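Participant: Please find one structure pasted underneath; my questions will follow.
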């Protein structure tokens, strides 16, 4: 055990090099995977390295390891934040009133965004998911929900139309976008556009958009992203 510790930590720069490589691999592999094992191993390896140097009373190397480790994680954190904000900037039209109305095909009252949370992100293929809550400035009118009732029972067309707000072409069939859920005590209306072959409304054919509005409530929920 002592030989292993000596081999790994006697040369103080070895843990720094190993952890840097592991963190770079973690960052790149996050394009494809969500496993954080490399991140945890890097942290543990650096902590053990610092403890080893301090136990050996190599104060200079111990402090140097702490400083470099801090710099490495700061750089990684900045990279993650920049990537996240870049994606959020590119998809803000899904939280804009005009952008939403273009997708769902009906007019909704003005609103403000209560919260917007990036819950999933893979950088390489621009895969992400964002959950957003909005609050209308005024209660949506009965006229809006009467219109949604009519839309929910529209007959499904025989031919796909990529510019339709009420129907979309999925893998093998034409599906409706608006659904009414009456299982609860209130009437809930949900808009779904998923695996849409055509980029008229969304960023790509792998994008999706969900919008949920409830009669008698000033709040609504949005969930959108890309596979």
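Participant: Condition (residue is in a loop (DSSP other than H, G, I, E, B) and modelled with pLDDT of 90 or more) applied to region 180-190: is it met by at least one residue?
Facilitator: The answer is no; no qualifying residue exists.
Participant: Just a yes or no: is a residue in region 131-144 in contact with a helix residue (DSSP H, G or I) (Cβ under 7 Å, 6 or more places away or on another chain), at negative phi, in the same structural domain as residue 95 (by TED's automatic domain parsing) and in contact (Cβ under 8 Å) with a residue 40 or more places away in the chain?
Facilitator: yes
Participant: In addition: Do the conditions hold for residue 193, that is, is it touching a helix residue (DSSP H, G or I) at 6+ places or on another chain (Cβ under 9 Å), under 18 Å from residue 93 (Cβ atoms) and either surrounded by 11 or more Cβ atoms within 10 Å (Cβ to Cβ) or touching a residue at least 40 places away in the same chain (Cβ under 8 Å) (or both)?
Facilitator: Yes, satisfied.
Participant: Let me ask something else. Being in the same structural domain as residue 164 (by TED's automatic domain parsing), assigned to a helix (DSSP H, G or I), at pLDDT 75 or above and more than 21 Å from the chain's Cα centre (by Cα) narrows it down to one of 107, 98, so name that one.
Facilitator: The conditions single out 98.
Participant: Another question about this same structure. I need a count of the residues in region 48-61 that are in contact with a helix residue (DSSP H, G or I) (Cβ under 6 Å, 6 or more places away or on another chain) and either under 13 Å from residue 14 (Cα atoms) or modelled with pLDDT of 80 or more (or both).
Facilitator: Count: 5.
Participant: While we're here: On the given criteria, is residue 207 assigned by TED's automatic domain parsing to the domain that holds residue 116 and over 17 Å from residue 108 (Cα atoms)?
Facilitator: Here the answer is yes, as residue 207 does meet what is asked.
The values are calculated or read from the model by the stated rules, or taken from the named source; none is laboratory data. This one's a predicted model, so the numbers in the text were calculated from it and none came from an experiment. No Cβ is skipped: glycine too gets one built from the backbone with ideal geometry, and neighbour counts run over all protein chains shown.
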